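The values are calculated or read from the model by the stated rules, or taken from the named source; none is laboratory data. This is a predicted model, so every value here is computed, not measured. Cβ placement follows ideal geometry from the backbone for every residue including glycine, while neighbour counts extend to all protein chains displayed.
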Amino acid sequence: MTDRDRAPGEILVVSRQEVEELLTPAECLNRVLDTFRWVGAGEVEQTNPVNLYVHDRLGPEPEFGHGVVQAFPAMIRPLERAAVKWLGSYRQNPRRGLPAISALDLVTDIETGMPLALVDGTSVTNMRTGGHAAVGAKYLARPDSGSVAVIGCGNEGRTHVRALNELFSLSTVVAFDTQQGAAERFAAEIGDLLGVPVAIADSVESAVADVDIVCVVTTAPQPVLMEEWVQPGTHVCAATGFRDVDKACATRFEKWAVGWYGRDLEWIEGPEVGRLGGLQPGDLSAADIYADIATELMPGTKPGREAADERTIMTHMGMPALDAAVAALVYDLALAANAGTWITVF
Ligand SMILES: NC(=O)c1ccc[n+]([C@@H]2O[C@H](COP(=O)([O-])OP(=O)(O)OC[C@H]3O[C@@H](n4cnc5c(N)ncnc54)[C@H](O)[C@@H]3O)[C@@H](O)[C@H]2O)c1
C-alpha cells in the first residue's frame with residue numbers, strides 16, 4: 001500500500017524490530033542534522049514535553065521509581081508531518097520485569113490531519129539520542145577523534161557509538177558498566193558491528209584517561225564522571241543533563257553546549273529543575289552555556305571547537321522535533337520496504 005491509496009482510518013504499525021531493521025545510523029543522523037537545521041530556521045512548531053508527574057518528584061522515590069508520562073508534540077513543516085511521542089518513564093520498572101522507558105510515536109499528515117502510523121518510540125528515541133550526541137560531537141570534538149569511551153553499556157551506549165562511527169574514523173572503543181555482563185555483551189556486539197577492538201575498563205576514571213570522546217549514558221542516579229578525570233582535548237556527550245556527570249564540567253570546561261535553548265533551559269533553570277535530570281535550583285544557569293546547536297553552532301554564528309586542547313561537553317534532553325522527524329522517516333522507510341502491519345482504527 002502507498003501513502004495515497006489507504007482508507008482514512010488505516011494506519012501502519014511499525015514494531016521495534018522493524019525500526020531496528022529499517023533505520024540505519026547514517027539515515028538517522030542525516031535526519032537529526034536536518035531537524036536541527038529546520039529548528040534553527042524556524043520551520044518547526046513544537047512545545048516542550050508535557051510532563052504529567054504521577055508521583056511527587058521532589059519526594060522520596062517510590063518502590064518502582066517516580067513515574068512520569070510525557071507527550072512530545074512537534075510539526076515539521078518541510079516534511080508535511082506532525083507527530084507526538086507518548087512516553088512512560090519509571091526508573092525502577094525493571095525491578096518488576098518492565099522496561100524503564102516505553103514510548104509510542106503517532107505520525108500524522110499535516111495537509112489532511114489524518115493519522116498515518118504508530119511507530120515504536122523507544123527504538124526511535126534510542127536512535128535519535130545517539131544522533132543528537134553525534135551532532136554535538138561534529139561541532140565540538142576534535143575532527144581527528146578516533147577513540148570513544150562509553151560509560152553505561154545499554155541501548156544508548158550502542159546508538160551513541162554507532163552514530164559517532166558515521167562521523168569519525170573510530171579505531172578504539174573503551175567500555176565501562178557496573179554490570180560486567182552488560183559491558184561484555186556490548187563489547188562483543190559493537191566489536192563485531194564496527195570491526196574495532198572494544199576494551200573493557202575497570203573504572204570510569206581509567207576508561208576516560210586516554211580517549212577523544214566520552215559518552216556518559218547510564219541510569220546512575222548520581223554523577224559517575226568527575227570533571228578532574230577528563231583530559232584536555234576531550235569532548236563529552238552527556239545524555240542525562242548532569243544526573244550522571246559532574247556539573248563542574250559545565251563551568252570548568254572551555255565550552256558547554258546544549259541542543260536547543262528552547263528545550264534545554266527547561267531542565268537547567270526552568271520547571272523541570274529538580275524533577276527531570278540531576279540539576280537542583282541554582283546549580284547552573286543559562287549564563288554558563290556557551291552555545292546551542294540549533295541557533296548558533298549550526299548556523300555558524302558561534303564557532304565550535306577552536307583549539308585542540310579545549311575540553312567540551314554537549315547536553316541535550318531531547319526535543320519533540322527529533323522524535324517526530326525520525327518517526328516520519330521510519331514511516332517512509334516502512335512504506336518503501338512494504339514493512340509494518342496495516343490496521344484499521346476507524
Ligand atoms: N537526553 C535524552 O534525550 C535521552 C534519551 C533517552 C535516554 N536518555 C538517558 O540515557 C540513559 C541511558 O538510557 P538507556 O536506554 O541506554 O538505559 P539502559 O538501561 O539500556 O542502559 C543503562 C546502562 O547504564 C548502566 N549503569 C547504571 N549505573 C551505572 C554506573 N554507575 N556506572 C556505569 N554504568 C552504569 C546499567 O548497568 C546499564 O547497562 C538513561 O539515564 C536515560 O534517561 C536520555
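How about region 184-197: which of its residues are within 12 Å of the ligand (Cβ to nearest atom) and either within 22 Å of Ser145 (Cα to Cα) or surrounded by 23 or more Cβ atoms within 10 Å (Cβ to Cβ) (or both)?
Listed by number, the list holds a single entry, Phe186.
For region 82-95, which positions are charged (D, E, K, R) and modelled with pLDDT under 95?
The answer is Arg91, Arg95.
Collect the residues in region 199-219 that are touching a Ser or Thr at 6+ places or on another chain (Cβ under 8 Å) and among the polar types (S, T, N, Q), keeping them in residue-number order.
Once the filter is applied, which keeps residues that are touching a Ser or Thr at 6+ places or on another chain (Cβ under 8 Å) and among the polar types (S, T, N, Q), region 199-219 yields only Thr218.
For region 21-39, check the following and say yes or no: at least one residue is closer than 23 Å to Leu329 by Cα, among the hydrophobic types (A, V, I, L, M, F, W, C) and in a strand (DSSP E or B).
No - not one qualifying residue is present in region 21-39.
Looking at Gly181, Gly154, Gly113, can you tell me which residue is within 12 Å of the ligand (Cβ to nearest atom), surrounded by fewer than 24 Cβ atoms within 10 Å (Cβ to Cβ) and free of Cβ contacts under 8 Å to residues at least 60 places away in the same chain?
On inspection, the qualifying residue turns out to be Gly181.
Can you pull out the residues in region 157-178 that are surrounded by 15 or more Cβ atoms within 10 Å (Cβ to Cβ), not in a helix (DSSP H, G or I) and not aromatic (Phe, Trp, Tyr)?
Leu170, Thr172, Val173, Val174, Ala175, Asp177
Out of curiosity, is Asp192 touching a residue at least 12 places away in the same chain (Cβ under 8 Å) and among the charged types (D, E, K, R)?
Judged against the criteria, Asp192 is not a match.
Quick check, is Asp177 in the same structural domain as Val214 (by TED's automatic domain parsing) and touching a helix residue (DSSP H, G or I) at 6+ places or on another chain (Cβ under 7 Å)?
Against the criterion (in the same structural domain as Val214 (by TED's automatic domain parsing) and touching a helix residue (DSSP H, G or I) at 6+ places or on another chain (Cβ under 7 Å)), Asp177 qualifies.
Can you tell me which residues in region 288-330 are assigned to a strand (DSSP E or B) and more than 16 Å from the ligand (Cβ to nearest atom)?
Those that are assigned to a strand (DSSP E or B) and more than 16 Å from the ligand (Cβ to nearest atom): Ala291, Thr312.
Being without any contact (Cβ under 8 Å) to a residue 40 or more places away in the chain and either in a strand (DSSP E or B) or touching a Cys at 6+ places or on another chain (Cβ under 9 Å) (or both) is the filter here, so list the residues in region 51-100 that pass it.
Selection gives Leu52, Val69, Gln70, Ala71, Trp86, Leu87, Gly88, Ser89.
If I filter region 233-254 down to residues being buried (at least 22 other Cβ atoms within 10 Å of the Cβ) and small (Gly, Ala, Ser), which single residue comes out as farthest from the ligand (Cβ to nearest atom)?
Ala250
Here are Ala201, Ala133, Ala149: which of them is within 13 Å of the ligand (Cβ to nearest atom) and not assigned by TED's automatic domain parsing to the domain that holds Phe253?
Step by step, each of Ala201, Ala133, Ala149 is checked, and only Ala133 is within 13 Å of the ligand (Cβ to nearest atom) and not assigned by TED's automatic domain parsing to the domain that holds Phe253.
For the structure I just gave you, tell me whether Pro143 is away from the ligand (no atom under 12 Å from the Cβ), surrounded by fewer than 16 Cβ atoms within 10 Å (Cβ to Cβ) and more than 23 Å from Ile293 (Cα to Cα).
Spelling it out, it is not the case that Pro143 is away from the ligand (no atom under 12 Å from the Cβ), surrounded by fewer than 16 Cβ atoms within 10 Å (Cβ to Cβ) and more than 23 Å from Ile293 (Cα to Cα).
Given the residues Tyr53, Tyr90, which is the only one that is farther than 21 Å from Ala324 by Cβ and crowded, with 21+ Cβ neighbours inside 10 Å?
Selected residue: Tyr90, the only one of Tyr53, Tyr90 that is farther than 21 Å from Ala324 by Cβ and crowded, with 21+ Cβ neighbours inside 10 Å.
Given the options Val216, Val230, name the one that is crowded, with 24+ Cβ neighbours inside 10 Å, more than 20 Å from Asn155 (Cα to Cα), of a type outside the set (Gly, Ala, Ser) and in contact with a helix residue (DSSP H, G or I) (Cβ under 9 Å, 6 or more places away or on another chain).
Residue meeting the stated conditions: Val230.
Could you please find all residues in region 116-130 being charged (D, E, K, R) and either near the ligand (Cβ under 10 Å from one of its atoms) or part of a helix (DSSP H, G or I) (or both)?
Of everything in region 116-130, just one residue is charged (D, E, K, R) and either near the ligand (Cβ under 10 Å from one of its atoms) or part of a helix (DSSP H, G or I) (or both), namely Arg128.
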